[in-house]
Amino acid sequence: MKKLLLLLTGLILLGLTSCKKEPAVIELPEQTETEASITLTISNIVEFEGKLHLGLYNSQEAWELDIENRQAANVFRLERPDVTQENQQIVFEKLPAGEYGFSIYQDVNESGSMDLDAILNLIPQEPYGFSNNFVPVLSPPNFENVRFTLEKDQALELEVSLIQP
């Protein structure tokens with residue numbers, strides 16, 4: 001069961017890695033910035049090397065398109081900080097109010113993409129996680145599973161615990 005879960009999760013995380021075909025991109029309405037912010041704490045970091053790939057999505061359509069096409073072309077904000085400690089904080093500032101979701105993986109070897117198993121090329125071999133600490137079971141998470149609401153001028157604090165392969 002764990003292998004099947006990891007297999008399906010691999011499909012999801014490919015959205016934060018490079019793709020071979022032309023990315024499918026949607027146009028979102030222009031949004032005004034506010035003083036809203038998200039302080040994201042990534043916990044359960046076991047290896048203190050490589051980079052975190054943090055994809056912040058702000059629409060269900062963007063999330064689903066990237067998951068379906070295994071790309072990161074529609075991510076609202078993408079951060080790639082170095083991994084330096086067990087619990088690492090990243091602040092996203094000047095965000096418009098709305099609904100958001102995070103897709104995260106740790107690129108331990110800094111290959112630029114999520115390492116997957118050698119047999120099926122689907123099972124994640126590097127740590128990953130989603131907002132709401134959602135753990136996929138038999139299917140990739142949809143936006144409803146990972147979304148949260150950010151109010152105008154809110155300072156939101158979230159934590160995502162990485163799932164170790």
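The values are calculated or read from the model by the stated rules, or taken from the named source; none is laboratory data. What you are looking at is a predicted structure, and each value in this text was computed from that prediction instead of being measured. Quick reminder, even Gly has a Cβ in these numbers, built from the backbone with ideal geometry, and neighbours come from all protein chains shown.
Out of the residues in segment 82-107 meeting the condition of being part of a loop (DSSP other than H, G, I, E, B), closer than 14 Å to Ser43 by Cα and not polar (S, T, N, Q), tell me which one is farthest from the chain's Cα centre (by Cα).
Of all residues in segment 82-107, those part of a loop (DSSP other than H, G, I, E, B) come to 83-87, 96-97.
Right, trim to closer than 14 Å to Ser43 by Cα and you get 83-87.
Cutting the leftovers down to not polar (S, T, N, Q) gives us 83, 86.
Values: Val83: 15, Glu86: 18 Å.
My answer is Glu86.
Which ones in segment 112-163 are more than 24 Å from Ser59 (Cβ to Cβ), polar (S, T, N, Q) and out of contact with any Asp or Glu (no Cβ under 9 Å at 6 or more places or on another chain)?
Asn121, Ser161
Of all residues being of a type in the set (Phe, Trp, Tyr) and more than 11 Å from His53 (Cα to Cα) in segment 104-142, which is surrounded by the most Cβ atoms within 10 Å (Cβ to Cβ)? Just the residue, please. Let's see the steps before the verdict.
From segment 104-142, those of a type in the set (Phe, Trp, Tyr) are 105, 128, 130, 134; that's our starting set.
Of the ones still in play, those that are also more than 11 Å from His53 (Cα to Cα) are 130, 134.
On the way: Phe130: 22, Phe134: 19.
Only one residue tops the list, namely Phe130.
Out of segment 108-118, which residues are within 16 Å of the chain's Cα centre (by Cα) and without any contact (Cβ under 8 Å) to a residue 24 or more places away in the chain?
The answer is Asp115, and nothing else.
If you take the residues in segment 44-102 that are of a type in the set (Lys, Arg) and touching a Leu at 6+ places or on another chain (Cβ under 6 Å), which one is nearest to Pro141 (Cα to Cα)?
Arg70
Every residue, every condition in (1) under 15 Å from Gly101 (Cβ atoms); (2) touching a Ser or Thr at 6+ places or on another chain (Cβ under 9 Å); (3) without any contact (Cβ under 8 Å) to a residue 60 or more places away in the chain; (4) outside any loop (DSSP other than H, G, I, E, B), yes or no:
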residue: Leu122; (1), (2), (3), (4): no, yes, no, no
residue: Val135; (1), (2), (3), (4): yes, yes, no, no
residue: Pro141; (1), (2), (3), (4): yes, yes, no, no
residue: Thr149; (1), (2), (3), (4): yes, no, yes, yes
residue: Asp153; (1), (2), (3), (4): no, yes, no, no
residue: Leu156; (1), (2), (3), (4): yes, yes, no, yes
residue: Val160; (1), (2), (3), (4): yes, yes, no, yes
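Considering (1) surrounded by fewer than 16 Cβ atoms within 10 Å (Cβ to Cβ); (2) modelled with pLDDT under 95, say which one Glu64 fails and leave the rest.
In the conditions (1) surrounded by fewer than 16 Cβ atoms within 10 Å (Cβ to Cβ); (2) modelled with pLDDT under 95, Glu64 misses (1) alone.
Here's the yes/no breakdown for (1) at pLDDT 95 or above; (2) under 18 Å from Pro165 (Cβ atoms); (3) surrounded by fewer than 19 Cβ atoms within 10 Å (Cβ to Cβ):
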residue	(1), (2), (3)
Lys3	no, yes, yes
Leu11	no, yes, yes
Ile26	no, no, yes
Glu30	no, no, yes
Glu35	no, no, yes
Asn58	yes, no, no
Leu78	no, no, yes
Pro96	yes, no, yes
